[in-house]
Amino acid sequence: MVARRRKRAARDAEEGIPSPPGYSAVPIKFSEEQTASHYLYMREHRVRDGAKSSWPQKRTLFVLNVPPYCTEECLARLLSPCGPVQSVELQGKPELTESPKEPKSKFFHPKPVPGFQVAYVVFQKPKGVSAALALKGPLLVSTESHPVKSGVHKWISDYTDSVLDPEALRVEVDTFMEAYDRKMAEEEAKAKEEEGVPDEEGWVKVTRRGRRPVLPRTEAASLRVLEREKRKRARKELLNFYAWQHRETKMEHLAQLRKKFEEDKQRIELMRAQRKFRPY
Amino acid sequence: RPAGVRRPGGMGPAPAGAQPRGDAGDPEMMEPPLEGTVKKGKKEFSKKHTVAGSPVEGLLQPVKLSRAELYKEPTSEELNRLRETESLFHSSLLRLQVEELLKEVRLSEKKKERIDAFLRDVNQRIMRVPSTPETELTDQAWLPAGVRVPLHQVPYTVKGCFRFLPPAQVTVVGSYLLGTCIRPDINVDVALTMPREILQDKDGLNQRYFRKRALYLAHLAHHLAQDPLFGSVRFSYTNGCHLKPLLLLRPHGKDEHLVTVRLHPCPPPDFFRPCRLLPSKNNVRSAWYRGQSPPGDGSPEPPTPHYNTWVLQDTALQSHVQLLSTVLGSALGLKDGVALLKVWLRQRDLDKGLGGFSGFLVSMLVAFLVSIRKIHTTMSGYQVLRSVLQFLATTDLTVNGISLCFSSDSSLPALADFHQSFPVVFLDSSGRLNLCADVTASTYHQVQHEARLSMVLLDSKADDGFQLLLMTPKPMIRAFDHILHLCPLSRLQAACHRLKLWPELQDHGGDYVSAVLGPLTTLLEQGLGARLHLLAHSRPPGSEPFCIPQWDISQDPPKHRDSGALTLGLLLRPEGLTSVLELGPEADQPEAADFRQFWGSRSELRRFQDGAIREAVVWEAGSMSQKRLIPHQVVTHLLALHADIPETCVHYMGGLLDALIQGLKETSSTGEEALAAAVRCYDELSRLLWGLDGLPLTVSAVQGAHPVLRYTEVFPPTPVWPAYSFHKHFPERASLLPRPDKPCPAYVEPMTVVCHLEGSGQWPQDAEAIRRVRAAFQLRLAELLTQQHGLQCRATATHTDVLKDGFVFRIRVAYQREPQILKEMRSPEGMISLRDTPASLRLEKDTKQLPLLTSALHGLQQQHPAFSGVARLAKRWVRAQLLGEGFTDESLDLVAAALFLHPEPFTPPSSPQVGFLRFLFLVSTFDWKNNPLIVNLNNELTVEEQVEIRSGFLATRKQLPVMVIITPQDRKNSIWTQDGPSPQILQQLVVLAAEALPILEKQLMDPSGPGDIRTVFRPPLDMYDVLIRLSPRHVPRHRQAVDSPAASFCRGLLREPGPSSLMPVLGYDPPQLYLAQLREAYGDLALFFYDQHGGEVIGVLWKPTSFQPHSFKASNTKGRMVVSQGGEMVMVPNVEAILEDFAVLGEGLVRAVEARSERWTV
């Protein structure tokens, strides 16, 4: 039964809406009023052998070309008739791993403006995926029962959301800093413990906190040292001492002039080509 | 016969000066090896040129020479040339440039031959013109119907007889003979010596000579016009002098534009007695001229110096050319110098019209300098140019005249006599003729001014000195801050009578425009006083300034009033513009009467703070823009008072563009005051921040980082007092919110202020932790400002918004080491290196470079008060053309700053109008591909550093953005143009600027009124594929539109200061939010263009490359659909759906989506 339906869907796709091989196309519109629709290109999420993916096999639907006004909740609602949806993740571009689970702070990571996205929809059962592939649509993002805000209404609600509670921010900062301080204290304690204690081969680690300050291991510092060496050497050298040095300086001067002359000539050629010598 | 008198018929042995430039002098012939390389380079280039659209086209490449070539033994020619370049020129580039320019303007040998042949023909034809029987001068019935006398014969009656006889002699005179004439517009001057039989005794009196001269030409014109040899036969004036017409002959057919032969009739040698023509003598009798008997009291007849000079000029044609050919003779450098000087004068519009500083004058000046050994004949053209400019810049011929006459003959008049009659004195070798007779003091001062500017430029060793000196035109409209037209010109006749200029009229033969010019300019110069730097005038005649009229032989000569308008240019002194007061003498001083007489009813007695009672004039001007326009008040007042020229005849072009940067309700100010108020408020805030108690770290620096704080915000902010009823309230967060059922509330943009804290070791060394600590500081700042100063604040993780006196500031706390921490990268060996990351660059830009730039430009505004207006007009224009998003605010400000820091060859603009014109000129002509725009803020870059920057630029050109702007703080990367514009957008801007400039200049130079000044600010819309029309209800800045709507929506603002316990709606601009969404979703399919200042339309341009069908790619499906095309599955943009999306995303804001092209249906 399922196989037959799938076959029919494939035929439909072939006859009706063209879709790329392996994908099925489902039209999606914002609401009833629109005449033209975008197309979601969906397929079951699969990975090549050996590639790792954190998305569950068989149960994950991979959706391309999700329009900007379609949110995760919308997509979950639109696909729920196919079977219970476990999670919906919208991303800018296809990525194999799930994004970290801990929620991003709304204070420090404001929501980006959405464009066209890709979605990974995880159903509770593999059946959901095949049902979704057979969807005919068109799907409607905004309906009377579930209106979706757009335009002025959306901007006003976005603005309202952007006015955040400073108290909450303070609490968040405090908790973060407490954790950070704890972590730093632990590291320091560990470093102190290890200081001056030779490891099994007898090496002693020298740190910034040691009694005698050491040169920091940065690129800038090593460049500075090299530069100083070079200057020291240059000071010792004698200039225009031997006749050949004289000759060479003169020749160098001439070469400079020649180079300048060539440059100037090139410039003139260019200006001539641009008719820059027509005074009026 | 003197040697200079030669017939072109036979051409004879031409004077030495006429020798074509010898082969030996040709720079390329001098050095065969070098020439070879030049040729090769050319060939290579032309090959490159044919490859259309190749990216290297027109791009300078860093020079790569092999070691062998660089270090080969020099030849003696090469050494010679290098030495010559060093001693005679400034640099090899300059030498090459000068040589190229001379090649361009010099006449080729081939053309010379054709011209010579034509001259021979002309000579024959002239000699064949038949004679006429003698008639009375007043009887002109013998003249055929098809020709009119090229002279206004007023009064008509003149005694005397005229007959035509072929000229006794036809001689080529002038620059053609000397080899100093320059292309285009080659003129050959030919002197026709009238036979003695035509002339009578006393012909010098009462214009009789000029009448005969004109009739002579009329008869000649009639016969020559019938000759098929000539393509056109027309009349014109000699140097614009209306008593001295001349005949212009042009060859027929394809040579028509090759040459113009100008026929000047002249008297036989020694016909006039020179002593009768001295400047103190009278040769136009009042009785004849005014038609009345001389006054009985026996008062002497007024002298007629100009009239006398014009007669004398005709007698001296040949002696002058003789003198010049002996001096210039074989000295090629001198000839080059004269040619360069001619180009220099012409670029400055100084050489045309009556009293222009003509090429002849400058040749004579060179001859003078040779005679006093300031110039040597072995000098190069460049050195001659420099010496002449130096001489002009450092001497004053209005006080100490010069003379080419070195005889000690006591019968000759003294220089002082000439100074009495003429403003500028430069006598020729006869000692009797003032070559500068018609040059007004203003014109001479203009020449001096230009010479001084040029000398500064030459001394500055700027790389592009040549370009600025000789290749950049300086039309009046772009060179002067304010322009005014006096029109109709017939009003000047009344002015002549009012100023009692009857003797001058008599002298000028009724040319009231020239007669009144001197007194008028003196009057205005005196009135404008300290406000004025330089006053220049157009030189009549000519319907367009600086162009001598020509007319058909069957027409009457143009009347004096036909020359359109008298145009005056004012170069203002910015420091003089700030005062509204004209301080006069103390009331009891005798000068007080003069002052009262000069200023008329505007002069008032005033008591000053120091107790003095003085005469004074006070002008009404409240704002900066009104103060800038005080010259307008002065000019109209003085002209009406002293010259009887009513205000309606004065068309003043000074503040016409001001309307575009004026606030919504204020029409009396162009916003400088509002900006200053905002800056004051910012200063107060920074003081509060400095003195804040209880911050864990004290504030070490507060820096502005917003256009308002550098005076370049197009529409300055006004204090906002929101009406609470208009908004939704959000009392828990002390904020107001927009309401969907009301129009969009007023747009309030917070002004960014960067706040640095003192250094401390307590800062964490981890990027995430630093952000948290900064957030804690933002919270604390808000708390303290509210507690200690009662200011309404709102803190977020990145900034604190503060409401102070109706202005909103956005304070961003910065930690100096944060960019460095963002840059740190640890290599596997544990070495820490610093690498730029996008985040670190952004942070550095926002917290380091932007405040620096803001303070530098703030300083610039203090030096040049017009900077604000210019920068804002420029930005306004770019945004009005819908290109605002392509350019950062800072990059446009820097381009405007360049106009002030590098004004050469102009002076820094003192009015927004002229600054804006120069902005358009700069944008449309600057070669962005091959040059960085160096903006030397605070003069921090030395010449050597600039050279280094330029060479570094060439080497890394490909990695740099299309538009490169270098400042002392940013010597390599051009950070303000990194993210745009794209080459296409820049090109579009260049094209639009090139179109707008001539339109606007024409409008401003049109004496009948500029018409609609906003024309150039309206964008062309026909190029866009889709137009999205917006509903003004949700466009908060609707009133700022170029064509400001008569009515708009209420934006919920109170007129009076209201309660300030709730934060107004900040930065809420629906069109911008909409655009951000559009760009994010459809950015790779289309470009979106919008004018943020009240635009009602968004222009959409599809990207052609994105519309190419391509095969399916999972990573590139955005907004596309699969279609089968020829049996293949390809992806194309889903345009129908996208167009509907435009409406969906902008629901409420979008009024209509108009698809205007069918391009997407390929």
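The values are calculated or read from the model by the stated rules, or taken from the named source; none is laboratory data. Small disclaimer: the values here were computed from a predicted structure and weren't measured. Because the Cβ atoms are built from the backbone with ideal geometry, glycine has one as well, and the counts that use them run over all protein chains shown.
Summary table
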{"quantity": "Candidate set: the stretch B:754-776, residues that are touching a Leu at 6+ places or on another chain (Cβ under 7 Å) and in contact (Cβ under 8 Å) with a residue 24 or more places away in the chain; chosen: the one surrounded by the most Cβ atoms within 10 Å (Cβ to Cβ)", "calculated": "B:755"}
{"quantity": "Only one of A:136, A:106, A:192 that is at pLDDT below 85 and within 21 Å of the chain's Cα centre (by Cα)", "calculated": "A:106"}
{"quantity": "Selected residue (criterion: farthest from residue B:1095 (Cα to Cα)) from residues of the stretch B:750-776 that are at the interface with chain A (Cβ under 10 Å from one of its Cβ atoms) and assigned to a helix (DSSP H, G or I)", "calculated": "B:769"}
{"quantity": "Number of the exception - residue B:231 against (1) small (Gly, Ala, Ser); (2) surrounded by 21 or more Cβ atoms within 10 Å (Cβ to Cβ); (3) touching a Gly at 6+ places or on another chain (Cβ under 9 Å)", "calculated": "(2)"}
{"quantity": "Output for the stretch B:991-1026, where each listed residue is part of a helix (DSSP H, G or I), more than 16 Å from the chain's Cα centre (by Cα) and within 18 Å of residue B:887 (Cβ to Cβ)", "calculated": "B:991, B:992, B:1016, B:1017"}
{"quantity": "Only one of B:1065, B:1035 that is under 21 Å from residue A:160 (Cβ atoms), within 11 Å of chain A (Cβ to nearest Cβ), crowded, with 23+ Cβ neighbours inside 10 Å and not small (Gly, Ala, Ser)", "calculated": "B:1065"}
{"quantity": "Scope the stretch B:175-211; condition within 32 Å of the chain's Cα centre (by Cα), crowded, with 20+ Cβ neighbours inside 10 Å and not β-branched (Val, Ile, Thr); matching residues", "calculated": "B:175, B:176, B:179, B:181"}
{"quantity": "Tally of residues being within 11 Å of chain A (Cβ to nearest Cβ) and in a helix (DSSP H, G or I) across the stretch B:72-116", "calculated": "21"}
{"quantity": "Matching entry among B:688, B:709, B:781, B:675 (being crowded, with 17+ Cβ neighbours inside 10 Å, touching a Cys at 6+ places or on another chain (Cβ under 8 Å) and assigned to a helix (DSSP H, G or I))", "calculated": "B:781"}
{"quantity": "Of the criteria (1) buried (at least 20 other Cβ atoms within 10 Å of the Cβ); (2) more than 14 Å from chain A (Cβ to nearest Cβ); (3) among the β-branched types (Val, Ile, Thr), which one residue B:1015 fails", "calculated": "(1)"}
{"quantity": "Tally, over the stretch B:1132-1157, of residues that are exposed (fewer than 15 other Cβ atoms within 10 Å of the Cβ) and part of a loop (DSSP other than H, G, I, E, B)", "calculated": "2"}
{"quantity": "Single condition residue B:583 does not satisfy, out of (1) closer than 30 Å to residue B:245 by Cα; (2) out of contact with any helix residue (DSSP H, G or I) (no Cβ under 9 Å at 6 or more places or on another chain); (3) at pLDDT 80 or above", "calculated": "(1)"}
{"quantity": "So residue B:1099, is it over 25 Å from residue B:737 (Cβ atoms) and in contact with a strand residue (DSSP E or B) (Cβ under 7 Å, 6 or more places away or on another chain)", "calculated": "yes"}
{"quantity": "Condition check for residue A:274: within 48 Å of the chain's Cα centre (by Cα), polar (S, T, N, Q) and surrounded by 15 or more Cβ atoms within 10 Å (Cβ to Cβ)", "calculated": "no"}
{"quantity": "Failed criterion for residue B:287 (all others in (1) small (Gly, Ala, Ser); (2) assigned to a loop (DSSP other than H, G, I, E, B); (3) at pLDDT below 80 hold)", "calculated": "(2)"}
{"quantity": "Selection within the stretch B:1115-1128 - more than 13 Å from residue B:1081 (Cβ to Cβ) and either crowded, with 16+ Cβ neighbours inside 10 Å or more than 7 Å from chain A (Cβ to nearest Cβ) (or both)", "calculated": "B:1116, B:1121, B:1122, B:1125, B:1126, B:1127, B:1128"}
{"quantity": "Residue match in the stretch B:739-749 (condition: more than 14 Å from chain A (Cβ to nearest Cβ), surrounded by fewer than 19 Cβ atoms within 10 Å (Cβ to Cβ) and at pLDDT 90 or above)", "calculated": "yes"}
{"quantity": "Some residue of the stretch B:657-664 being over 30 Å from residue B:1013 (Cα atoms), surrounded by 19 or more Cβ atoms within 10 Å (Cβ to Cβ) and of a type outside the set (A, V, I, L, M, F, W, C)", "calculated": "no"}
{"quantity": "Residue selected from the stretch B:899-914 under the condition without any contact (Cβ under 8 Å) to a residue 40 or more places away in the chain and surrounded by fewer than 21 Cβ atoms within 10 Å (Cβ to Cβ), by the criterion farthest from residue B:853 (Cα to Cα)", "calculated": "B:903"}
{"quantity": "Given (1) more than 8 Å from chain B (Cβ to nearest Cβ); (2) of a type in the set (S, T, N, Q); (3) farther than 28 Å from residue B:953 by Cα, number of the condition residue A:222 does not satisfy", "calculated": "(1)"}
{"quantity": "Complete set of residues in the stretch A:155-172 that are in a helix (DSSP H, G or I), without any contact (Cβ under 8 Å) to a residue 60 or more places away in the chain and facing chain B (nearest Cβ under 7 Å)", "calculated": "A:155, A:156, A:159, A:160, A:166, A:170"}
{"quantity": "Residue in the stretch B:302-322 that is surrounded by fewer than 21 Cβ atoms within 10 Å (Cβ to Cβ) and in contact with a helix residue (DSSP H, G or I) (Cβ under 6 Å, 6 or more places away or on another chain) present", "calculated": "yes"}
{"quantity": "Scope the stretch B:915-972; condition more than 22 Å from residue B:854 (Cβ to Cβ), modelled with pLDDT under 90, away from chain A (no Cβ under 14 Å) and part of a loop (DSSP other than H, G, I, E, B); matching residues", "calculated": "B:942, B:956"}
{"quantity": "Test: residue in the stretch B:124-147 that is of a type in the set (Asp, Glu) and touching a residue at least 12 places away in the same chain (Cβ under 8 Å)", "calculated": "yes"}
{"quantity": "Number of the exception - residue B:699 against (1) more than 14 Å from chain A (Cβ to nearest Cβ); (2) aliphatic (A, V, I, L, M); (3) in contact (Cβ under 8 Å) with a residue 60 or more places away in the chain", "calculated": "(3)"}
